[in-house]
Amino acid sequence: MRIWSFWFNSFVLSSQYNPPRFVELLMLLLAIAMLAIASIFPDMPYLILGLSLVVGASISILVREAIAPSPQRRITQLTASLLLIISLYGFADLMYTL
């Protein structure tokens, strides 16, 4: 029971301390869940939703880093750019197969 309290308190604190980063974290967690579901059940809506969440979170991260740079600015921008490129490639591959 203590571990759930710890995780809940961590989420509450992170949402109060840095709300944009918390929203990006939730978007990426939902994207991981949707892409995992899409790999189990080959349905297009899960794949499209997962890829669109990754695109949205990546663009949000890049905009946030442009406005208020963090100490790990280069790594964050590189990771967000890589996620954006991979998800856009996923969309292009999806359009090609349809």
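All of Ala38, Ala33 fail the test of being of a type in the set (A, V, I, L, M) and in contact with a Phe, Trp or Tyr (Cβ under 7 Å, 6 or more places away or on another chain), apart from Ala38. Check the stretch 16-28 and report whether any residue there is hydroxyl-bearing (Ser, Thr, Tyr) and at pLDDT 90 or above. The answer is no; no qualifying residue exists. Out of Ala80, Ala31, Ala38, one residue alone is in contact with a Leu (Cβ under 6 Å, 6 or more places away or on another chain) and over 24 Å from Thr97 (Cβ atoms). It is Ala80.
Could you tell me how many of the residues in the stretch 15-37 are more than 20 Å from Ala80 (Cα to Cα) and within 16 Å of the chain's Cα centre (by Cα)? Spell out how you get there, then give the answer.
Taking the stretch 15-37 and keeping what is more than 20 Å from Ala80 (Cα to Cα), we get 15-17, 37.
With within 16 Å of the chain's Cα centre (by Cα) added as a condition, the list becomes 15, 37.
Residues meeting the conditions: 2.
Restricted to helices (runs of 4 or more DSSP H) entirely inside the chain, those with at least 2 residues that are among the small types (Gly, Ala, Ser) and either in contact (Cβ under 8 Å) with a residue 40 or more places away in the chain or open to solvent by 50 Å² or more (accessible area, probe 1.4 Å) (or both) are 44-67, 73-97.
The values are calculated or read from the model by the stated rules, or taken from the named source; none is laboratory data. Computed from a predicted model, the values in this text were never measured in an experiment. Glycine gets a Cβ as well: all are built from the backbone with ideal geometry, and neighbour counts include every protein chain shown. Protein only, heavy atoms only, side chains kept; ligands, DNA and RNA dropped before computing areas. Shrake-Rupley method; radii C 1.70, N 1.55, O 1.52, S 1.80 Å.
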